[in-house]
Amino acid sequence: MIRSKLPDVGTTIFTRMSQLAAQTGALNLSQGFPDFNGPQPLLDAVGRHVCAGHNQYAPMTGLPALRQQVASKVLRLYGVQVDADEEVTITPGATEAIFCAIQAVIHSGDEVIVFDPSYDAYDPAVTLAGGRCVHLPLNEGDFRIDWQAFSDALSPRTRMVILNSPHNPSGALITREDLDTLAALIADRELYMLSDEVYEHLVFDGARHASVLAHPQLYARAFVVSSFGKTYHVTGWKTGYVIAPPALSAELRKVHQYVNFCGVTPLQHALAEFMAEHPEHVDELPAFYQAKRDLFCDLLEGSRFRFTRAPGTYFQLLDYSAIRPDLGDVDMALWLTREHGVASIPVSVFYQQPIAGQRLIRLCFAKREETLRHAAEKLCAI
């Protein structure tokens, strides 16, 4: 008999909804990936590096040129100098970075504070490390952190707090004031931070991303994770990175070398080349995705859905309570897919304890204009 380490884990809702979209021919706005290609010079670079013979193992910590490009980007955008050799580690995807960071420092009986709704990979990684997640709900409506509730949840067993900004699924942003508050609350405690910043470049309406990298007190105890896949429209490349102080990076690398050892070599060469030649790509991303958000939301203004435009990420929440208040969000997502040809993600799956009466679905607007127009036409007809 198998004694499962993850008895409550099954096939994720993201896989299930994408499969249902494929089966029904629905427009797939559920899983978070673009339906358009990454920059052509980046794609061309992969072929060149494959043909040039860059097909063997990369260094365990990542290609030096790519680590240096990450360090250069951090200095240019956040004014912080990180050591490319000692503090930057390239990983096969941001989720692997998150997993390795948690395994590196969480021990049996430790508690990890996460804020719901939260990315589904956090809890299983903590469980596999022998720890326990303490789930705190974000405020309804604006998805801000209740810092009093956070302070009350701190205990002698608290070993880590996980932040995610820009926030999936809501798009909410953590501010510099939030980071200052957190730093004050944990100043005298021995705990670590994991800052999931994979949507760092997708911040809209003139706002600026408040990175933990630019907060010295917090960075001293933090793993900061980001994603090349999200930034360069190539989620299937599964390539990300983590930045952490040397001592924490050393512990993370002990785990990383036995999980995957290294990332895909030609992809790292291509990314390093493209980042060096096109640093403007990340500067242009906010306007690029804001235009998609605004197009989608403008088209939905005449619908029966209610919404507030997402401040960040490439996800938009829609409140459907004026349409089918009788349906929970899982049933609503299934109904929308089967009956109206648009696949979404129910927000309740991001909670340990879903909020009673909440009627929210998440849709991805990282799509071509024709896809967004077609989806909006279907949604407005409901």
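If you find the alpha carbon centre of segment 143-186 and of segment 233-307, how far apart are they in angstrom?
Cα centres, segment 143-186 to segment 233-307: 22 Å.
Given an 8 Å cut-off on Cα distances and at least 6 residues of separation, report the relative contact order of the chain as a percent.
25
Report the FRET efficiency, 1/(1 + (r/R0)^6), for THR181 and CYS51, where r is their Cβ-Cβ distance and R0 is 56 Å, rounded to 0.05.
Working: r = 52 Å, r/R0 = 0.93.
Calculated value: 0.60.
Restricting to DSSP H runs of at least four residues, report the calculated mean residue ellipticity at 222 nm for the chain, -39500 (n - 2.57) per run over all residues, nearest 500 deg cm²/dmol. Numbers along the way, then the final one.
Values: 14 runs with 156 residues, N = 382.
It lands at -12500 deg cm²/dmol.
Could you work out how far apart the two model spin labels at ARG306 and ALA153 are, taking each label as a point 7 Å from the Cα in the direction of the beta carbon, and quote it in nm?
2.6
Give the calculated FRET efficiency between GLN358 and GLN81 to the nearest 0.05, with a Förster radius of 56 Å applied to their Cβ-Cβ distance.
0.85
Of the listed peptides 114-122, 246-254, 277-285, what is their order by residue-averaged count of other C-beta atoms within 10 Å, with the highest listed first?
114-122, 246-254, 277-285
Going 7 Å from the Cα of GLN40 toward and past its Cβ, which residues in segment 280-296 have a backbone nitrogen under 18 Å from where you end up?
Only 281 pass the distance filter.
Quick one: LEU327, LEU75, fewest Cβ neighbours within 10 Å first, how do they rank?
Listing LEU327, LEU75 from fewest to most nearby Cβ atoms yields LEU75, LEU327.
For segment 255-268, just list the computed ³J(HN,Hα) in residue order, Karplus coefficients 6.51, -1.76 and 1.60, θ = phi - 60°, integers in Hz, with x standing in for Gly and Pro.
Running phi through 6.51 cos²θ - 1.76 cosθ + 1.60 with θ = phi - 60° gives 7, 3, 5, 9, 8, 9, 6, 7, x, 6, 5, x, 5, 5 Hz.
Given the Cα-Cα distance of ASP142 and LEU6 and 0.36 nm per residue of separation, how much length would full extension add, in nm?
Full extension from ASP142 to LEU6 adds 45.8 nm.
In which sequence would THR265, THR231, THR308 go, from the one with the fewest C-beta neighbours within 10 Å to the one with the most?
Lowest to highest Cβ neighbour count: THR308, THR265, THR231.
Going by how many other Cβ atoms sit within 10 Å of their own, how do ASP83, ASP110 line up, fewest first?
ASP83, ASP110
If each of THR24 and ARG338 carries a label point 7 Å out from its Cα toward its Cβ, how far apart are those two points in nm?
Label at THR24, label at ARG338, 0.7 nm between them.
From the backbone phi of segment 364-369, what are the Karplus-calculated ³J(HN,Hα) couplings (6.51 cos²θ - 1.76 cosθ + 1.60, θ = phi - 60°) in whole Hz, Gly and Pro given as x?
Listing the rounded values in order: 9, 9, 7, 9, 5, 4 Hz.
Placing one identical point scatterer on every Cα of the chain and ignoring solvent, what is log10 I(q)/I(0) from the Debye formula at q = 0.10, 0.12, 0.14 Å⁻¹?
Treating every Cα as an identical point scatterer, log10 I(q)/I(0) equals -0.65, -0.95, -1.30.
Restricting to lysines 8 or more places apart or on different chains, can you count the pairs in the chain with Cα atoms under 29 Å from each other?
For the chain, qualifying lysine pairs total 18.
What is the dipole size for the chain, taken about its Cα centre, with +1 at each Lys and Arg Cβ and -1 at each Asp and Glu Cβ, in debye to the nearest 20?
740
Treat each spin label as a single point 7 Å out from the Cα along the C-beta direction, and report the ASP331 to ALA247 distance in nm.
According to this spin-label approximation, the distance is 5.4 nm.
How many angstrom separate the Cα center of segment 19-61 from the Cα center of segment 322-364?
29
Only the coordinates and a few stated rules stand behind these numbers; no lab work does. Keep in mind that this is a model prediction, so the values were computed, not measured. Every residue, glycine among them, receives a Cβ derived from its backbone with ideal geometry; neighbour counts consider all protein chains shown.
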